[in-house]
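The values are calculated or read from the model by the stated rules, or taken from the named source; none is laboratory data. Only a predicted model underlies this, so the values are computations on that prediction, with no experimental measurement involved. With ideal geometry, Cβ positions are generated from the backbone for all residues, glycine too; neighbour counts draw on all protein chains shown. These accessible areas exclude ligands, DNA and RNA; they are computed on the full protein's heavy atoms, side chains included. Shrake-Rupley method; radii C 1.70, N 1.55, O 1.52, S 1.80 Å.
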Amino acid sequence: MSDLQHICIGCGVKVQTEDPEKIGYAPASALEKETIICQRCFRLKHYNEVQDVSLTDDDFLKILNGIGKTDALVVMIVDIFDFNGSWLPGLHRFVGGNKVILVGNKVDLLPKSVKHNKLIHWMKQEARELGLRPEEVFLVSAAKGWTMKETAAAIDEYRDGKDVYVVGCTNVGKSTFINRIIKEVTGEGDIITTSHFPGTTLDIIQIPLDDGKSLVDTPGIINHHQMAHFVDKRDLKVITPKREIKPMVFQLNEGQTLFFGGLARFDYVSGGRRSFVCYLSNDLNIHRTKIENADELYEKHVGEMLTPPRQEHLETFPELVKQEFFIKEAKTDIVFSGLGWVTVNEPGAKVIAYVPKGVQALLRKSLI
(Lines give C-alpha, C1' and ligand atoms only; values in the text may rest on other atoms or scores of the structure.)
Protein backbone atom coordinates (compact mmCIF):
# COMPACT_ATOMS: atom_id res chain seq x y z
CA MET A 1 0.00 0.00 0.00
CA SER A 2 1.45 3.40 -0.88
CA ASP A 3 2.14 5.97 1.82
CA LEU A 4 -0.45 8.23 0.34
CA GLN A 5 -3.29 6.11 1.65
CA HIS A 6 -1.95 6.04 5.18
CA ILE A 7 -3.56 9.35 5.99
CA CYS A 8 -6.44 9.54 8.45
CA ILE A 9 -9.54 10.78 6.65
CA GLY A 10 -10.64 12.28 9.96
CA CYS A 11 -7.87 14.63 10.96
CA GLY A 12 -5.36 14.42 8.12
CA VAL A 13 -2.45 13.08 10.17
CA LYS A 14 -0.14 10.30 8.97
CA VAL A 15 -1.33 7.00 10.36
CA GLN A 16 1.16 4.88 12.35
CA THR A 17 0.72 1.49 14.02
CA GLU A 18 3.65 1.51 16.49
CA ASP A 19 2.78 3.73 19.44
CA PRO A 20 -0.77 4.03 20.85
CA GLU A 21 0.29 7.10 22.87
CA LYS A 22 1.43 9.06 19.80
CA ILE A 23 -0.50 11.02 17.21
CA GLY A 24 -2.03 9.09 14.31
CA TYR A 25 -2.10 5.66 15.92
CA ALA A 26 -4.35 3.00 14.43
CA PRO A 27 -4.28 -0.77 14.98
CA ALA A 28 -2.73 -2.62 12.01
CA SER A 29 -6.12 -4.12 11.10
CA ALA A 30 -7.41 -0.60 10.37
CA LEU A 31 -5.01 -0.32 7.43
CA GLU A 32 -6.93 -3.02 5.55
CA LYS A 33 -10.12 -0.98 5.49
CA GLU A 34 -11.14 1.14 2.55
CA THR A 35 -11.16 4.35 4.53
CA ILE A 36 -8.44 4.64 7.13
CA ILE A 37 -9.21 6.44 10.35
CA CYS A 38 -6.91 6.92 13.35
CA GLN A 39 -7.97 5.68 16.77
CA ARG A 40 -8.49 9.19 18.11
CA CYS A 41 -10.95 10.06 15.31
CA PHE A 42 -12.60 6.67 15.63
CA ARG A 43 -13.27 7.32 19.29
CA LEU A 44 -14.49 10.83 18.60
CA LYS A 45 -16.80 9.57 15.90
CA HIS A 46 -18.23 6.56 17.69
CA TYR A 47 -18.02 7.47 21.36
CA ASN A 48 -17.85 11.27 21.28
CA GLU A 49 -14.52 11.01 23.10
CA VAL A 50 -11.78 13.50 22.41
CA GLN A 51 -8.31 12.38 23.51
CA ASP A 52 -5.50 14.72 24.45
CA VAL A 53 -2.30 14.43 22.48
CA SER A 54 1.19 15.49 23.45
CA LEU A 55 2.84 18.23 21.43
CA THR A 56 5.99 20.23 21.86
CA ASP A 57 5.91 23.88 22.89
CA ASP A 58 6.89 24.82 19.34
CA ASP A 59 3.91 22.98 17.86
CA PHE A 60 1.72 24.78 20.32
CA LEU A 61 3.15 28.20 19.48
CA LYS A 62 2.52 27.51 15.78
CA ILE A 63 -1.11 26.74 16.55
CA LEU A 64 -1.51 29.87 18.68
CA ASN A 65 0.14 32.01 16.03
CA GLY A 66 -2.25 30.55 13.49
CA ILE A 67 -5.26 31.58 15.58
CA GLY A 68 -4.17 35.22 15.56
CA LYS A 69 -4.17 35.19 11.76
CA THR A 70 -7.74 33.91 11.50
CA ASP A 71 -11.01 35.77 11.91
CA ALA A 72 -12.62 33.65 14.61
CA LEU A 73 -13.99 33.49 18.14
CA VAL A 74 -11.58 32.10 20.75
CA VAL A 75 -12.97 30.16 23.72
CA MET A 76 -10.40 29.70 26.47
CA ILE A 77 -11.04 27.06 29.12
CA VAL A 78 -9.44 27.24 32.57
CA ASP A 79 -9.80 24.94 35.55
CA ILE A 80 -11.45 27.08 38.20
CA PHE A 81 -9.82 24.95 40.89
CA ASP A 82 -6.39 25.76 39.43
CA PHE A 83 -6.98 29.14 37.78
CA ASN A 84 -3.39 30.38 37.66
CA GLY A 85 -1.88 26.98 36.94
CA SER A 86 -4.16 26.43 33.96
CA TRP A 87 -3.87 29.94 32.52
CA LEU A 88 -2.19 30.06 29.10
CA PRO A 89 0.52 32.66 29.56
CA GLY A 90 0.79 35.09 26.67
CA LEU A 91 -2.54 34.09 25.11
CA HIS A 92 -3.50 37.77 24.77
CA ARG A 93 -0.58 38.25 22.40
CA PHE A 94 -1.81 35.48 20.12
CA VAL A 95 -5.52 36.10 19.82
CA GLY A 96 -5.03 39.09 17.53
CA GLY A 97 -8.20 41.11 17.16
CA ASN A 98 -10.38 38.09 17.88
CA LYS A 99 -12.97 38.15 20.62
CA VAL A 100 -12.44 35.81 23.57
CA ILE A 101 -14.90 34.06 25.85
CA LEU A 102 -13.40 32.80 29.11
CA VAL A 103 -14.86 29.63 30.58
CA GLY A 104 -14.08 28.45 34.12
CA ASN A 105 -14.71 24.71 34.19
CA LYS A 106 -15.19 22.29 37.13
CA VAL A 107 -17.30 24.69 39.19
CA ASP A 108 -19.02 21.59 40.65
CA LEU A 109 -15.85 20.94 42.68
CA LEU A 110 -16.03 24.17 44.65
CA PRO A 111 -17.85 24.23 47.99
CA LYS A 112 -21.48 25.33 47.73
CA SER A 113 -20.61 28.43 49.78
CA VAL A 114 -18.77 29.98 46.83
CA LYS A 115 -20.82 32.81 45.36
CA HIS A 116 -20.77 32.47 41.58
CA ASN A 117 -21.20 36.18 40.82
CA LYS A 118 -18.26 37.03 43.05
CA LEU A 119 -16.18 34.36 41.34
CA ILE A 120 -17.04 35.62 37.84
CA HIS A 121 -16.13 39.16 38.91
CA TRP A 122 -12.82 37.85 40.29
CA MET A 123 -12.08 35.95 37.05
CA LYS A 124 -12.69 39.10 34.98
CA GLN A 125 -10.31 41.05 37.18
CA GLU A 126 -7.62 38.35 37.07
CA ALA A 127 -7.93 38.03 33.29
CA ARG A 128 -7.44 41.79 32.89
CA GLU A 129 -4.36 41.71 35.08
CA LEU A 130 -3.02 38.87 32.93
CA GLY A 131 -3.62 40.97 29.81
CA LEU A 132 -6.85 39.45 28.48
CA ARG A 133 -10.19 41.22 28.14
CA PRO A 134 -12.84 38.56 27.64
CA GLU A 135 -16.23 39.53 26.18
CA GLU A 136 -17.91 37.31 28.75
CA VAL A 137 -16.99 34.91 31.53
CA PHE A 138 -18.89 31.69 32.22
CA LEU A 139 -18.70 29.20 35.08
CA VAL A 140 -19.57 25.70 33.95
CA SER A 141 -19.33 22.08 34.88
CA ALA A 142 -18.75 20.28 31.60
CA ALA A 143 -18.89 16.94 33.42
CA LYS A 144 -22.33 17.68 34.89
CA GLY A 145 -23.61 19.92 32.08
CA TRP A 146 -24.15 22.95 34.32
CA THR A 147 -24.56 26.28 32.42
CA MET A 148 -23.59 24.60 29.13
CA LYS A 149 -26.76 25.70 27.31
CA GLU A 150 -26.13 29.37 28.12
CA THR A 151 -22.46 29.04 27.19
CA ALA A 152 -23.29 27.36 23.86
CA ALA A 153 -25.80 30.14 23.10
CA ALA A 154 -23.24 32.86 23.91
CA ILE A 155 -20.61 31.15 21.73
CA ASP A 156 -23.08 31.07 18.87
CA GLU A 157 -23.94 34.74 19.35
CA TYR A 158 -20.35 36.00 19.64
CA ARG A 159 -18.96 33.90 16.83
CA ASP A 160 -21.26 35.82 14.52
CA GLY A 161 -20.95 33.27 11.70
CA LYS A 162 -17.21 32.65 12.25
CA ASP A 163 -15.15 29.60 13.21
CA VAL A 164 -14.63 28.90 16.92
CA TYR A 165 -11.25 27.90 18.38
CA VAL A 166 -11.27 26.16 21.76
CA VAL A 167 -7.97 26.45 23.64
CA GLY A 168 -6.78 25.27 27.06
CA CYS A 169 -4.12 23.40 29.01
CA THR A 170 -4.17 19.67 29.55
CA ASN A 171 -6.42 18.57 32.44
CA VAL A 172 -8.81 21.53 32.29
CA GLY A 173 -11.64 19.37 30.92
CA LYS A 174 -11.53 20.85 27.43
CA SER A 175 -12.47 17.55 25.79
CA THR A 176 -15.50 17.09 28.02
CA PHE A 177 -16.48 20.69 27.30
CA ILE A 178 -16.26 20.19 23.52
CA ASN A 179 -18.25 16.99 23.68
CA ARG A 180 -20.95 18.77 25.70
CA ILE A 181 -21.06 21.63 23.19
CA ILE A 182 -21.37 19.10 20.33
CA LYS A 183 -24.29 17.53 22.16
CA GLU A 184 -25.93 20.93 22.69
CA VAL A 185 -25.46 21.95 19.06
CA THR A 186 -26.09 18.72 17.18
CA GLY A 187 -27.98 16.64 19.71
CA GLU A 188 -25.35 13.90 19.02
CA GLY A 189 -24.63 13.73 15.32
CA ASP A 190 -22.15 11.65 13.42
CA ILE A 191 -19.00 13.59 14.06
CA ILE A 192 -16.24 13.10 11.59
CA THR A 193 -13.23 15.25 12.07
CA THR A 194 -11.57 17.14 9.27
CA SER A 195 -8.49 19.23 9.48
CA HIS A 196 -7.33 22.64 8.37
CA PHE A 197 -3.92 21.11 7.76
CA PRO A 198 -4.19 17.90 5.79
CA GLY A 199 -1.11 15.78 6.23
CA THR A 200 0.32 17.74 9.13
CA THR A 201 0.70 16.48 12.66
CA LEU A 202 -0.59 19.62 14.30
CA ASP A 203 -3.64 17.59 14.95
CA ILE A 204 -6.26 20.26 14.92
CA ILE A 205 -9.71 18.73 14.88
CA GLN A 206 -12.54 20.51 13.12
CA ILE A 207 -16.12 19.78 14.02
CA PRO A 208 -18.47 21.13 11.35
CA LEU A 209 -21.20 23.55 12.46
CA ASP A 210 -24.46 23.81 10.57
CA ASP A 211 -23.54 27.03 8.73
CA GLY A 212 -20.44 25.56 7.11
CA LYS A 213 -18.12 26.97 9.77
CA SER A 214 -16.28 24.84 12.33
CA LEU A 215 -15.65 24.32 15.99
CA VAL A 216 -11.89 23.78 16.12
CA ASP A 217 -10.35 21.72 18.89
CA THR A 218 -6.71 22.62 19.49
CA PRO A 219 -4.51 20.15 21.40
CA GLY A 220 -4.31 20.32 25.18
CA ILE A 221 -1.25 22.37 25.99
CA ILE A 222 1.20 21.15 28.59
CA ASN A 223 1.82 23.97 31.02
CA HIS A 224 5.19 23.35 32.61
CA HIS A 225 4.28 25.13 35.83
CA GLN A 226 1.27 22.88 36.44
CA MET A 227 1.59 20.61 39.46
CA ALA A 228 0.12 17.84 37.28
CA HIS A 229 3.33 17.94 35.30
CA PHE A 230 5.26 16.49 38.26
CA VAL A 231 3.02 13.60 39.30
CA ASP A 232 2.42 10.12 37.98
CA LYS A 233 -0.77 9.63 35.93
CA ARG A 234 -2.12 7.45 38.74
CA ASP A 235 -1.59 10.26 41.25
CA LEU A 236 -3.45 12.80 39.17
CA LYS A 237 -6.55 11.06 40.55
CA VAL A 238 -5.37 11.89 44.07
CA ILE A 239 -4.64 15.59 43.54
CA THR A 240 -7.47 16.31 41.09
CA PRO A 241 -10.78 16.63 42.96
CA LYS A 242 -13.62 14.60 41.50
CA ARG A 243 -16.39 15.78 43.80
CA GLU A 244 -17.19 18.86 45.86
CA ILE A 245 -14.28 19.77 48.10
CA LYS A 246 -14.78 19.45 51.84
CA PRO A 247 -12.82 22.22 53.57
CA MET A 248 -10.50 20.96 56.35
CA VAL A 249 -9.92 23.28 59.31
CA PHE A 250 -6.64 23.08 61.24
CA GLN A 251 -6.02 24.90 64.53
CA LEU A 252 -2.30 25.60 64.46
CA ASN A 253 0.14 26.96 67.00
CA GLU A 254 3.17 28.92 65.89
CA GLY A 255 5.92 26.61 64.68
CA GLN A 256 3.64 23.96 63.15
CA THR A 257 3.79 22.50 59.63
CA LEU A 258 1.27 20.85 57.32
CA PHE A 259 2.46 18.53 54.54
CA PHE A 260 0.13 18.06 51.55
CA GLY A 261 1.24 14.57 50.59
CA GLY A 262 4.89 15.07 49.69
CA LEU A 263 4.05 17.67 47.04
CA ALA A 264 3.90 20.82 49.14
CA ARG A 265 4.41 22.10 52.65
CA PHE A 266 2.88 24.90 54.70
CA ASP A 267 4.76 26.37 57.69
CA TYR A 268 2.98 28.58 60.20
CA VAL A 269 5.76 30.73 61.63
CA SER A 270 4.13 33.39 63.81
CA GLY A 271 0.85 35.12 64.66
CA GLY A 272 -0.54 33.33 67.72
CA ARG A 273 -2.81 30.28 67.76
CA ARG A 274 -5.27 30.45 64.87
CA SER A 275 -7.24 28.37 62.39
CA PHE A 276 -6.42 27.72 58.74
CA VAL A 277 -8.90 26.32 56.23
CA CYS A 278 -7.49 23.94 53.59
CA TYR A 279 -9.26 23.53 50.25
CA LEU A 280 -7.64 20.51 48.58
CA SER A 281 -8.71 17.28 46.94
CA ASN A 282 -10.50 15.12 49.53
CA ASP A 283 -8.15 12.24 48.63
CA LEU A 284 -4.89 14.07 49.38
CA ASN A 285 -3.32 13.18 52.71
CA ILE A 286 -2.51 16.10 55.04
CA HIS A 287 0.12 15.44 57.72
CA ARG A 288 0.78 17.78 60.66
CA THR A 289 4.12 18.11 62.45
CA LYS A 290 6.42 20.69 64.07
CA ILE A 291 8.55 22.96 61.88
CA GLU A 292 11.68 21.81 63.72
CA ASN A 293 11.01 18.17 62.70
CA ALA A 294 9.69 18.89 59.21
CA ASP A 295 12.92 18.64 57.18
CA GLU A 296 13.89 15.33 58.73
CA LEU A 297 10.38 13.92 58.38
CA TYR A 298 10.33 14.84 54.69
CA GLU A 299 13.77 13.29 54.05
CA LYS A 300 12.72 10.04 55.71
CA HIS A 301 9.13 9.65 54.55
CA VAL A 302 8.66 11.33 51.17
CA GLY A 303 7.39 8.70 48.73
CA GLU A 304 6.02 6.57 51.59
CA MET A 305 3.92 8.26 54.26
CA LEU A 306 4.14 11.51 52.31
CA THR A 307 2.81 10.65 48.85
CA PRO A 308 2.45 11.55 46.04
CA PRO A 309 5.20 11.63 44.66
CA ARG A 310 5.85 7.89 44.49
CA GLN A 311 9.06 6.27 45.59
CA GLU A 312 10.04 5.45 42.00
CA HIS A 313 9.77 9.10 40.93
CA LEU A 314 11.83 10.70 43.68
CA GLU A 315 14.90 10.98 41.47
CA THR A 316 13.11 13.19 38.95
CA PHE A 317 10.88 15.04 41.42
CA PRO A 318 12.06 18.66 41.84
CA GLU A 319 13.20 20.00 45.20
CA LEU A 320 10.66 22.00 47.21
CA VAL A 321 11.45 25.72 47.19
CA LYS A 322 10.10 28.14 49.77
CA GLN A 323 8.31 31.45 49.59
CA GLU A 324 7.62 33.53 52.67
CA PHE A 325 4.38 35.46 52.98
CA PHE A 326 3.20 37.96 55.55
CA ILE A 327 -0.60 38.08 55.59
CA LYS A 328 -1.59 41.75 55.74
CA GLU A 329 -5.29 41.48 54.91
CA ALA A 330 -8.16 39.51 56.40
CA LYS A 331 -9.50 36.66 54.27
CA THR A 332 -6.45 35.83 52.14
CA ASP A 333 -5.83 32.61 50.19
CA ILE A 334 -2.35 31.12 49.91
CA VAL A 335 -2.58 29.29 46.59
CA PHE A 336 -0.57 26.14 45.88
CA SER A 337 -0.92 26.02 42.13
CA GLY A 338 -2.52 22.76 41.01
CA LEU A 339 -3.27 21.52 44.53
CA GLY A 340 -5.64 24.06 46.05
CA TRP A 341 -5.32 26.76 48.68
CA VAL A 342 -5.24 27.59 52.38
CA THR A 343 -7.43 30.43 53.63
CA VAL A 344 -6.21 32.72 56.43
CA ASN A 345 -9.10 34.69 57.94
CA GLU A 346 -7.25 37.18 60.14
CA PRO A 347 -4.28 39.39 59.18
CA GLY A 348 -0.92 39.24 60.96
CA ALA A 349 0.26 35.71 60.18
CA LYS A 350 3.70 34.89 58.88
CA VAL A 351 3.72 31.70 56.77
CA ILE A 352 6.04 29.85 54.42
CA ALA A 353 4.80 27.91 51.39
CA TYR A 354 6.97 25.19 49.84
CA VAL A 355 6.21 23.98 46.30
CA PRO A 356 8.15 21.99 43.70
CA LYS A 357 10.62 24.18 41.81
CA GLY A 358 8.75 25.64 38.82
CA VAL A 359 5.31 25.55 40.45
CA GLN A 360 3.68 28.77 41.67
CA ALA A 361 2.66 29.73 45.17
CA LEU A 362 0.82 33.05 45.42
CA LEU A 363 -1.54 35.16 47.50
CA ARG A 364 -5.00 36.30 46.47
CA LYS A 365 -8.07 37.74 48.09
CA SER A 366 -10.15 34.87 49.44
CA LEU A 367 -12.49 33.28 46.88
CA ILE A 368 -14.87 32.05 49.56
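Tabulated data for the structure shown
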| item | result |
| --- | --- |
| Tally, over the range 159-175, of residues that are open to solvent by 20 Å² or more (accessible area, probe 1.4 Å) and over 20 Å from the mean Cα position of the chain (by Cα) | 4 |
| Given (1) of a type in the set (A, V, I, L, M); (2) modelled with pLDDT under 80; (3) within 23 Å of residue 181 (Cβ to Cβ), number of the condition residue 37 does not satisfy | (2) |
| Single residue of the range 307-334 satisfying the filter (modelled with pLDDT under 95 and of a type in the set (A, V, I, L, M, F, W, C)) that is surrounded by the fewest Cβ atoms within 10 Å (Cβ to Cβ) | 314 |
| Single unsatisfied condition, residue 104 versus (1) more than 18 Å from the chain's Cα centre (by Cα); (2) not in a loop (DSSP other than H, G, I, E, B); (3) not aliphatic (A, V, I, L, M) | (1) |
| Candidates 346, 292 - the one that is of a type outside the set (A, V, I, L, M), open to solvent by 70 Å² or more (accessible area, probe 1.4 Å) and either at positive phi or in a helix (DSSP H, G or I) (or both) | 292 |
| Filtered residues of the range 131-155 (kept if in contact with a strand residue (DSSP E or B) (Cβ under 9 Å, 6 or more places away or on another chain), assigned to a helix (DSSP H, G or I) and open to solvent by 60 Å² or more (accessible area, probe 1.4 Å)) | 150 |
| Residues that are open to solvent by less than 20 Å² (accessible area, probe 1.4 Å) and modelled with pLDDT of 75 or more, drawn from the range 180-205 | 181, 182 |
| Qualifying residue in the range 241-251 (condition: β-branched (Val, Ile, Thr), part of a loop (DSSP other than H, G, I, E, B), in contact (Cβ under 8 Å) with a residue 40 or more places away in the chain and open to solvent by less than 30 Å² (accessible area, probe 1.4 Å)) | yes |
| Enumeration of residues in the range 139-154 that are touching a helix residue (DSSP H, G or I) at 6+ places or on another chain (Cβ under 7 Å) and either farther than 21 Å from residue 240 by Cα or of a type in the set (Ser, Thr, Tyr) (or both) | 141, 148, 149, 152 |
| Restricting the range 259-289 to residues that are assigned to a strand (DSSP E or B), free of Cβ contacts under 8 Å to residues at least 40 places away in the same chain and out of contact with any helix residue (DSSP H, G or I) (no Cβ under 6 Å at 6 or more places or on another chain), the residue that is most open to solvent (accessible area, probe 1.4 Å) | 288 |
